[in-house]
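Inspection log for the structure reproduced underneath, given as structure tokens.
The values are calculated or read from the model by the stated rules, or taken from the named source; none is laboratory data. Model, not experiment: these values are computed from the prediction. Cβ: placed from backbone, ideal geometry, glycine included. Neighbour counts: every protein chain shown.
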Amino acid sequence: MNTTLNLRYVIRGNIQHLPPVLRLQTQIPAPIIVLKQNVYEHIQKKYPEYADRTKLILTDKEIQQYLDAHKIRVVVFPAFSTMRRCKEVQIFHGGLSDKTHLETPRLSLYDLILFPGQKSVDKVKKANLLDKIIEWDIIGYPKFDPMLTNQLTYEKCFNNDKPTILYAPTWISATRPKAGDVAHRFSPHGESSLPLWGLEIVKEVSKKYNLIVKFHSKIYESEENIHKKM
């Protein structure tokens, strides 16, 4: 494994942060630091080829100590985190949404930001933050590369000729105590289409198309929520 770049990937604990990191492993292999036991166990079980380069560290302080001890020069984040111990790169893990991640001055903390598309750049520019970023570029999503290059292996889900649509709404933010009106930037339901239009989308779209619904990993299944209704 080539680690001459002295680089580490850091996954804070959401399983959805894993795909872009695994895709980049094929181009820039480097150890992966994981902060949650369940994500670590998932990698060990489903991706054993990466097991030996995955390290479980449970606190930010311990990660900082690890980075210092190993004299790490570059850290890549697929989600909004900063360690301020070395050069830091933000690669993102999801699509453009109504969340405010692209409208925060925290973007100026990264040494390099790799945007998935022009719309993300436009949103940062509209917030008057683009000129505050040290360096940036547009690269798309590395996790989609196998699909774009026709190297993706998959099994057919439907035995018909109708087009297939993927509906993958983001999670529903919980109201923060004392947050007031800023708790929800999109609507009283959070930044997701799911509670407002999810059921109607399923009803209408499925009349003409095959529909695959992919819930966000933070939309936990229970008897009362949208899982049961769908």
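Residues of segment 142-198 being among the acidic types (Asp, Glu), modelled with pLDDT under 75 and part of a loop (DSSP other than H, G, I, E, B), which ones? Even if it seems obvious, please write down each step before you answer.
Let us first name the residues in segment 142-198 that are among the acidic types (Asp, Glu), namely 145, 155, 161, 181, 191.
Retained after the next criterion (residues that are modelled with pLDDT under 75): 181, 191.
The answer is GLU191, and nothing else.
Just checking, does segment 100-121 include any residue being part of a loop (DSSP other than H, G, I, E, B), of a type in the set (A, V, I, L, M) and over 18 Å from ARG23 (Cα atoms)?
Taking every residue of segment 100-121 in turn, none turns out to be part of a loop (DSSP other than H, G, I, E, B), of a type in the set (A, V, I, L, M) and over 18 Å from ARG23 (Cα atoms).
Name, by its number, the condition in (1) surrounded by 15 or more Cβ atoms within 10 Å (Cβ to Cβ); (2) touching a Gly at 6+ places or on another chain (Cβ under 9 Å); (3) on the phi > 0 side of the Ramachandran plot that does not hold for THR170.
Unmet condition: (3).
In segment 68-89, what count of residues is obtained for those that are in contact (Cβ under 8 Å) with a residue 40 or more places away in the chain, within 20 Å of HIS17 (Cα to Cα) and out of contact with any Pro (no Cβ under 6 Å at 6 or more places or on another chain)?
7
Any residue that is part of a loop (DSSP other than H, G, I, E, B), in contact with a strand residue (DSSP E or B) (Cβ under 8 Å, 6 or more places away or on another chain) and closer than 30 Å to PHE215 by Cβ - is there at least one of those in segment 37-56?
no
Select from segment 39-59 the residues that are polar (S, T, N, Q) and either touching a Cys at 6+ places or on another chain (Cβ under 9 Å) or loosely packed, with under 12 Cβ neighbours inside 10 Å (or both) and list them in ascending order.
Once the filter is applied, which keeps residues that are polar (S, T, N, Q) and either touching a Cys at 6+ places or on another chain (Cβ under 9 Å) or loosely packed, with under 12 Cβ neighbours inside 10 Å (or both), segment 39-59 yields only THR59.
Quick check on my filter: what residues within segment 128-162 are surrounded by 10 or more Cβ atoms within 10 Å (Cβ to Cβ) and more than 23 Å from THR104 (Cβ to Cβ)?
Within segment 128-162, PRO142, LYS143, PHE144, ASP145, PRO146, MET147, LEU148, LEU152, PHE158, LYS162 qualify.
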